[in-house]
Each structure stands twice: as structure tokens, then as C-alpha cells.
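Below is one structure, written out as C-alpha cells; the observations come after it.
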Amino acid sequence: MDTKQLAVQVADLTVAYQEKPVLWDVDLDVPQGVLMAIVGPNGAGKTTMLKAILGLLTPAAGHVSIFGKPYQQQRGLVGYVPQRGSVDWDFPTSVLDVVMMGNYGKLGWLRRPGAADRKAALSALEKVGMADYADRQISQLSGGQQQRTFLARALMQDAQVYFMDEPFQGVDATTERAIVDLLKELRAQGKTVLAVHHDLQTVPEYFDWVLLLNVRRIASGPVNEVFTDENLRSAYGGRVGFLNKRQDHESA
Amino acid sequence: MGAGWASSTSGKIMNLLDLLHSLVFDHTVRTVALGTATLGIVSGVLGSFAVLRKQSLLGDALSHAALPGVAIAYMLTQSKSPIVLMLGAGAAGILAILLLINITRQTRLKEDSVLGIVLSVFFGFGLLLLTFLQRNPDARQAGLNTFLFGQAATLLTRDVMAMAIFGGLAVLLVIVFWKEFKLLSFDREFGASLGLPMPRIDILLTTLLVVAVVIGLQAVGVVLMSAMLVAPGAAARQWTNHLGRMTLLSALFGAIAGVSGALLSSLGTGLSTGPVIVLCISVIVLISLILAPNRGLLWNYLRQWRNRGRLRTEAVLENFYLMSSQHDDPSHPHAVTALEAVSGAGNVRRSLEELQRRGLATPHSGNTWSLTAEGVRAAQARLQPALKDQP
């Protein structure tokens, strides 16, 4: 973290489903070592943006670079935590097995995960407080445990930049605490995290940078500079109950 | 054979022994059984993935789509060599996949509608060609219509060789690309984020599914082939939570159904093999759905029943304590009928007997019961958090 190098650089990112634009001409610079929340109303294109950055859907236009080089060359530096609900948790496999999938990209063809991968997966599980669940069948996990399994899989990727899609969605207090601690630890190691987040209340507490998105980029930067009432209003329109609460709080 | 089966039990046993004897020593029966075992194994292995990816309808579409391929291959070559017909079926299957992918991508139709369209168009066209070919005596002799419902008795050594070679190759590829196929089935997008070529891995796995279909066509027929792809995997899923074991078990179930189906239909009943094999695998599915530990219906029912019993026993204990605590002496006996009135419907007596077994309650004369000191403590411990919450 000696120099504030740009971990993620997005230019002119535009995505359209059929004719309707979901993301319009989004530019974004994210320096290394920050925890960035991506917030915006439903349908603002938050998940779409993550997927477009990761090449999971083809953007109509735009360019993504990671540490100055095109994304395609830097895949090994990127970790991904998809939405928990995106997979079938009744799949016949164990927690440890899911975590080891984080290493499939680096293993290469024909190679099977071995003892070293097992060890790495166990230590990733330990970091999210799930070491006791390694041999558990995944259908027996609670929502929070599922989320922590996915986080451990991303840790297994040993990435520099992590993209997380709603890691706090519907988790218990223990898991929320565990994720916050993990985010802080990642930042301390100089890693960069971009996470889609829904709870505006906790943005200043959990994150230090924020992107306000509503099809277009409304604002991005350090939380204390851009997480303002004005920006929130232009991202959410009039529908920000959170703002009123905050004002009540301030006047009281 | 009817007389042999009906006459006596010993007759049945003799018949079974004959069957096993012919399995080992009769060349024709052995060939047929080897063929159906191969098809069972291959469709079991590939079917596991189809089941986990919720693609049962895809297997159905691919097997129906193979029919015109068989007919056209025969028309072009006038050959009934299994390799030629299998290649024809395979080509039609792959054409169907390409159509599926492209129609789904280029239109707004949902995938299941596209599957339905491709299935019926290909199958209809195949039936048309088959009817046309039936006018030709040579073609009738080629036995193309066995491809509808399957006839394992027509399997020759060369057919089985071809099935074994294609099937062996398919199973080998599943082993080689095991972790990629697992990732594809569990979390395709994550695989793509790792930089793995998921669309190509998908096409490979689907092509292997076509191979499984092609191998099964002659013995099971296009109409019932999809059952062979879905049933072994669905049955195997009931017994294990491990992908490798599930796939092995699925192959085993497929093989058992294949062999027993082939043997039963070889008894000279004139039954088509396809339906008999499918009946055999259906029996395995039925047993698995009902009896499998953890996932089986019987297991679920037992668990619910046990839970209900436990909850009722605890409710009776609490109610009993609340009633007793209105007296100075908590061990004051109460009539069973009073407890029934408080606890509502359900077998209060059985709960009381359970409490007695645990030393928490004792019966008295005149159909009355009281809590033991132990029982009072247990009830207090259970009620404590609830009592504390009250203001």
C-alpha cells in the first residue's frame, strides 16, 4: 500500500438487456486497499456491474483493468463471492469441497485437488469460523454459514481484489460480525474489496469507500466525501427513509 | 414360460436358476446382458449430472431427436451396421443441441418451450421417415422400428462392442473432466469467474449425454431413453450426499436395471426390452424414494412423528407443572382427563408414560398422575426463560 495504485479501473461500462440499458457509461477508479460499498436502489445495476466486470456477461461497451492490465490477463488476482441464492444448496457435496473449488482455476486441467489444497481450504474455513463444519453436507448449513462458506472459497482464491455480491444479505449477527472482521483483515493486508451492499445505515461503519449507482454512476469516492444526503437523494430519488431518520437523529 | 412361473415356487426358482445359468453360459443372453449393463452404466453416470443440473427434459429431447438421425443414416448408407446408425443418431442429437442453444439465445422463448419444440419436430420427422421406410421390405428387415421401444434381443456382439467403446470413452472423459463437470453443475458462474471456459465444458458434457442416449437407443428405444437418464441418478441421490458415490451408485442401479430388464424380456414373453428395463429402474426409484435414510419418505414420516411426540411430551410436562404450581404441593396428583383438557387433542397418556420412563412423573390410583421432584425441576428449567421474559 506504499503507493495508491488503482486496483480496479472501469471505463465507459455499458450493459443493455434487449434494448433497455441497465448500466450506462459507468466510469470507476478504485485505489488499492479500500473497502468499497456499491449501493443503489433495486434495478440500479449493482449485480450487473459486478458480473460485467468479471466477464460473466458481455457488456455493450466498456473496458475493465485490474492493476493497470486488462481483466482477462489478471483473472488470477480476482476473487468472487456470488449471491448465496445463486446455487442449489442441496447439491451432493461437502463444505470443504465447495471451498476447494476456489482453487480449480489455478489447478489446471487434469489435476485433482491434493493434500495442500485441503490444508489451504481448512485454513480458509478457520478464518471465517467454519472449521468445525468442513465435512458437513452443504444442505445442512444455515444462511449465514452458507455465506461464510462462499467467503472461504473466495479466500481460497488468494486474490488481490474481491468482488462480493451482497455478502450481508440475510445473515445472522455472528456472521455479520465475522464478515466485518474479515473485511478489515483483508484491508489490513492491502487487499481491495468491492461489495454490493443494501443497508445504508452500516455503510460508514463497514466501508471506507462507496459507489452510488443508479444505472449511471452518481458518485464514488471516500465515504466521508461522497456519502452525502444530496448524492443519496439523486441515487434513490425521493425514496430514502434512511435520510429522514438520519436528519431526525442529527436534529435531536 | 407361463406354466413354469405359475406351477409352483420350485418351478420359479428353477426358472431363476435357468436364467442365471444362461447369463453365464448362453452366448446370446450374455451378449444382450453385457449390452444393457453397458447402457445402464453409461446412462447412470451421465444421468447423475443431468439430474443435478435439472436437465431431465434435455435427455428426453435428445433421445427423441435421435430418431430421424437413425432413419437418415440408414437411407444414405442402406447399412444397418450399429456404428453407422449410432453415428446418425449422434449427429442428429448434436444438431438438436446446436438448435437448442441458438434458438434460446436468439429468441425470447424460454428454454423449456424450445426443448419441447425441438423434441416434437425431430421426433415427428423421425416417425415420418420410419413410416416411409416401412414400405421397403429391406428396411423392415433392418428392424429400424426397434428403435422406438427398444429390442435388446437384437443386440449382436458387434453392437455391444460399439456400445462399450463409445460408452467407455464417455465414462473416461467424465473421469478426466470430473472437477470441471462438478463446478459446472454446482456453480457455473463462479467457474466462469475463474476463467474456465464454461460454455465449452457445458457442450462437452451435453455431447456425452448424447453419447449415452445413442448407446441406449437400440435396447431401450427413443421413447423411454430419457427415463434411463433420469431414474438411476434420482434413485442414487436418495442414498448419498457425495457426488462421486452418487455417480457410482447411479451406474450400479443402471446396470442392475439393464441386466434384469434384458433377462426378463429374454424369457420369450415377446415384451420389448425398453419398457421392462424402465420398469426395473422404476422399482429401484420407488424403493429409494420410500426407504432411503434421511431423504426417504418413510424416514421423513418417522422423524416428523418422533418430533411431534417429543414436542407433545414437553408440552404435557409444562402444562402439568403449571397446573401443579397452583397447589401448595407441586407433587399433587392430577387426573389424566384434566391434563387432556389443558393439553388439547393428542395422546396425553403416551406422553405421561414417556415422562414416567424418564423419571419425571409417577402414576397413582384412580387414573391420576403427579410430577416427581425431578419432573418439577425439569419443567422449571424449561419454563425459566419464558417466565423470566414476563414483566
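The values are calculated or read from the model by the stated rules, or taken from the named source; none is laboratory data. All values reported here derive from a predicted model rather than from experimental measurement. Because the Cβ atoms are built from the backbone with ideal geometry, glycine has one as well, and the counts that use them run over all protein chains shown. To get the accessible areas, we keep the full protein, side chains included, count just its heavy atoms, and leave off ligands, DNA and RNA. Shrake-Rupley method; radii C 1.70, N 1.55, O 1.52, S 1.80 Å.
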- prompt: If you take the C-alpha gyration tensor of the protein assembly as shown, multiply each eigenvalue by 5 and take the square root, what semi-axes do you get, largest first, in whole Å?
  reply: 52, 44, 21
query: In square angstrom, what is the accessible area per residue of the stretch B:299-389 with a 1.4 angstrom probe?
result: 62 Å²
field: Neighbouring partner chain Cβ atoms per residue of A:86-95, average, 10 Å criterion
entry: 6
field: For the stretch B:18-99, the fraction of alpha-carbon pairs in successive 10 Å shells from zero, as %
entry: 17, 32, 32, 18, 2
statement: Expressed as a whole-number percentage, the relative contact order of chain B with C-alpha contacts under 8 angstrom and at least six residues apart is 21 percent
- prompt: With charges only on Cβ, +1 for K and R and -1 for D and E, what is the dipole size of the protein assembly as shown about its Cα centre, in debye, rounded to 20?
  reply: 1320 debye
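With contacts defined as alpha carbon pairs under 8 Å and 6 or more residues apart, what's the relative contact order of the stretch B:153-304 in percent?
After rounding, I find 20 percent.
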- prompt: Three principal axis extents, largest first, for the C-alpha atoms of chain A, in Å?
  reply: 55, 43, 43
- prompt: For chain B, what does -39500 (n - 2.57) per DSSP helix run (n ≥ 4), summed and divided by total residues, give at 222 nm, in deg cm²/dmol to the nearest 500?
  reply: -26500 deg cm²/dmol
statement: For B:Thr104 the rounded accessible area (nearest 10 Å², probe 1.4 Å, non-protein molecules ignored) is 50 Å²
statement: Inter-chain shielding metric for A:96-105, i.e. average beta-carbon neighbours from other chains within 10 angstrom, reads 4
message: Let me check something: with ligands and nucleic acids excluded, how do A:Lys184, A:Lys106 order by accessible area (1.4 Å probe), largest to smallest?
response: A:Lys106, A:Lys184
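Kirkwood Rh, Cα Rg: Rg to Rh for the stretch A:1-139?
That ratio is 1.02, to two decimals.
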3J(HN,Hα) from dihedral phi, the stretch B:360-365, Karplus parametrisation 6.51/-1.76/1.60, rounded to Hz, x for glycine, proline: 9, 8, 10, x, 10, 5
query: Under a GNM of chain A (C-alpha, springs under 10 Å), which listed residue has the highest mean-square fluctuation: A:Arg112, A:Arg75, A:Arg187?
result: A:Arg112
message: Running a GNM on chain A with Cα contacts under 10 Å, which residue among A:Pro92, A:Pro59, A:Pro167 ends up with the highest mean-square fluctuation?
response: A:Pro92
query: Once phi is turned into θ = phi - 60°, what whole-Hz ³J(HN,Hα) does the Karplus curve with 6.51, -1.76 and 1.60 give for every residue of the stretch A:72-83, x standing for Gly and Pro?
result: 4, 7, 10, 3, x, 8, 10, x, 9, 10, x, 4
field: Which of B:His334, B:Leu98, B:Gly150, positive extreme of dipole for chain B (C-beta unit charges)
entry: B:Leu98
- prompt: Given just the C-alpha atoms of the stretch B:196-321, how large is their convex hull per residue in cubic angstrom?
  reply: 157 Å³
query: In square nanometres, what is one fourth of the surface area of the convex hull spanned by the alpha carbons of the stretch B:20-280?
result: 14.1 nm²
statement: A correct Karplus calculation of ³J(HN,Hα) over the stretch A:221-232, with 6.51 cos²θ - 1.76 cosθ + 1.60, θ = phi - 60°, whole Hz and x for Gly and Pro, returns x, x, 3, 5, 9, 10, 7, 9, 4, 4, 5, 4
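Computed over the Cα atoms of the stretch B:264-382, what is the convex hull's projected area averaged over all directions, in nm²? Working shown, then result.
Numbers: hull surface 46.2 nm².
Taking a quarter of the hull surface, the average projection is 11.5 nm².
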- request: Output the relative contact order of chain A, whole-number percent, from Cα pairs under 8 angstrom with separation of 6+ residues.
  value: 26 percent
query: Of A:Asp208, B:Asp328, which has the most accessible area and how do the rest follow, probe 1.4 Å?
result: B:Asp328, A:Asp208
query: In terms of solvent-accessible area of protein heavy atoms at a 1.4 angstrom probe, what is the ranking of A:Val81, B:Val342, highest value first?
result: B:Val342, A:Val81
